[in-house]
1. Going down the table (K72/K131; K20/K214; K97/K159), which pairs top 21 Å between alpha carbons?
2. Please go through segment 163-259 and write out the trypsin sites (Lys or Arg not before Pro) that DSSP classes as loop and that have at most 12 other C-beta atoms within 10 Å.
3. With a 10 Å radius around each residue's Cβ, average the other Cβ atoms per peptide and rank 128-135, 161-168, highest first.
4. Among the aspartates and glutamates, select those whose C-alpha is under 18 Å from the C-alpha of K7, and discard any that sit fewer than 8 residues away in the same chain.
5. I'd like to know which of G38, A182, N112 lies farthest towards the positive end of the charge dipole of the chain, counting +1 on Cβ of Lys and Arg and -1 on Cβ of Asp and Glu.
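Each value in this text was obtained by applying a stated rule to the coordinates, not by laboratory testing. Note that the structure is a prediction, hence the values are computed from the model and not measured. Because the Cβ atoms are built from the backbone with ideal geometry, glycine has one as well, and the counts that use them run over all protein chains shown.
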Amino acid sequence: MRGIQGKITVVTGGTRGIGKGIAKRFLEEGATVIIIGGKNQADADQAIAELSPLGKIEAMMVDLSNADAIEKLIDDVVAKYGRIDILVNNAGIQIRKWATEFPVEEFDKVINVNMRAYYLASRCAARYMQKQGGGSIVCISSGNSQCFTSQRSAYNISKAAVNGLVASLGVEWARFNIRINAVAPGYVMTEMIQKGINEGIIDIENIMKVIPMKRLLMPEEIGNSVVFLASDEASGITGQTLFTDGGWSKAGLPEEKEL
């Protein structure tokens, strides 16, 4: 992709799952990548060991529920590398409970990590990007921003808000040559999904009925969409949400694999 080589790229939640797949794709395109983890240093160490043969990568551990820590993260990246070219807001959490029983503090936790942190990190990065003459931000939304499922009210709401966030900031920052878009993944084969399948929490046969492609996506496929939106190939695109979901968001009635 044009415009990725050598770019200073931050990927939050980049130590595992979709985030690691995104980091992998940026490394393959020649970016310098800083992956941001939370509390699990082992995940960060494993990701660095796995991805470092592909290019220049480091990990930072940051509490993304803390506004001061987010601002310090962006400041530290610019202090070390001289700039920030690409920010990928990917970190997210999921808590499943009926809305009538959802503790307010847990609702706030989901919103703070899944949406508030995206807003705060984006505006911190945008201050530097404006001085640099531009930059690109990509936020990870979800198919659940449009296809809603029960017991995920906080998650659904947070991801719908991400779509509104990129639309609003896309309009506001376009004049500064700062583009901000979102990628909304469908069901992706990650360690978390596999664990849910193994434990019987996730009904994979039921999921397949609403996915026209009849398969789970791989993290690198989400990475492909993110790299595209961050690259110069997407120079005319801002404020948009790209659904990379195997057709889930466009499906009507559930369909068996064999009709």
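1. K20/K214
2. R215, K257
3. 161-168, 128-135
4. E28, E29, E58, D75, D76, D85, D232, E233
5. The residue sitting most towards the positive pole is A182.
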